[in-house]
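J.: Quick one: this structure, given as structure tokens, is what I'll be asking you about.
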Amino acid sequence: MALNLKTTIHHSPLASSSRQFINGFSPKPTSMSFSRSSSLKGFGTQIAIERKERLSFVQTEAVRHLTGFLTKNEGLRFALVVARFNELVTKLLLEGALETFKKYSVKEENIDVVWVPGSFEIGVVAQQLGKSGKYTAVLCIGAVVRGDTTHYDAVANSAASGVLSAGVNSGVPCIFGVLTCDNMDQALNRAGGKSGNKGAEAALTAIEMASLFEHHLK
């Protein structure tokens, strides 16, 4: 009985096909499988054609890239909110900002400087200036230097969130030009020292954002 069973398995078409597949050979496709393969190939070709047509349609659409300019400054008006606390640093930042505005042909009569006691007070004043409708952008300048207490963290965080809220609530770009440093040396290095002048850099941001809003986002 065992011999007959073994012989039956040996002559089974399924077993033969399985051995061929295992040894690296596959059975020849029948006419039915060939027909199905051709059908799938044609279906795939149709999908490729339709996809190409869709891509062609998408590519014909013009994509606009909107950006602000540093040279188209006609009619732009700026307000600068400057903290008096750590005035040794903030005056240098202000000088850097004013020099940058002059370099890029922003007229002096289109710039107003508003002084506030410290960086904590910048946000509320910036928001009022933005809402006034007189300015295309507001540049906020201050310097917060870490001391022996946690007062630094409160002022630095409040200054950052205040400037952000001023821009969001007024719809006018409010630029963050407030230094947050561990010591006075770091602050001075960023106010015209070896690390450049962050007031000048913030002024460039103000010009670009003002231009973007004036020419594209009105």
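The values are calculated or read from the model by the stated rules, or taken from the named source; none is laboratory data. The model shown is predicted, which means the values in this text are computed figures rather than measured ones. As a convention, Cβ positions derive from the backbone with ideal geometry for all residues, glycine included, and neighbour counts pool all protein chains shown.
J.: Any idea which of (1) within 24 Å of the chain's Cα centre (by Cα); (2) assigned to a loop (DSSP other than H, G, I, E, B); (3) of a type outside the set (S, T, N, Q) is the one Glu74 doesn't satisfy?
T.: (1)
J.: Does the stretch 106-124 contain at least one residue that is among the aliphatic types (A, V, I, L, M) and in contact (Cβ under 8 Å) with a residue 60 or more places away in the chain?
T.: yes
J.: Among the residues of the stretch 182-208, which ones are outside any helix (DSSP H, G or I) and farther than 21 Å from Thr100 by Cβ?
T.: Asp182, Asn183, listed by residue number.
J.: In addition: Of the conditions (1) closer than 28 Å to Lys194 by Cα; (2) loosely packed, with under 15 Cβ neighbours inside 10 Å, Lys131 fails just one. Which one is it?
T.: (1)
J.: Taking the stated definitions as given, is Ser165 in contact with a Phe, Trp or Tyr (Cβ under 7 Å, 6 or more places away or on another chain), at pLDDT 95 or above, part of a helix (DSSP H, G or I) and among the hydroxyl-bearing types (Ser, Thr, Tyr)?
T.: When the stated conditions are applied, Ser165 does not pass them.
J.: Taking Thr180 as the residue in question, decide whether it is over 17 Å from Pro117 (Cα atoms), in the same structural domain as Glu109 (by TED's automatic domain parsing) and at pLDDT 95 or above.
T.: So Thr180 does not fit the description; no.
J.: Taking the stretch 191-206, which residues are touching a residue at least 12 places away in the same chain (Cβ under 8 Å) and over 18 Å from the mean Cα position of the chain (by Cα)?
T.: Residues satisfying the conditions are Ala191, Gly192, Asn197, Lys198, Gly199, Ala200, Ala203.
J.: Could you grab me the full set of residues in the stretch 174-185 that are touching a Gly at 6+ places or on another chain (Cβ under 9 Å), touching a residue at least 12 places away in the same chain (Cβ under 8 Å) and farther than 18 Å from Ala154 by Cβ?
T.: Selection gives Cys174, Ile175, Gly177.
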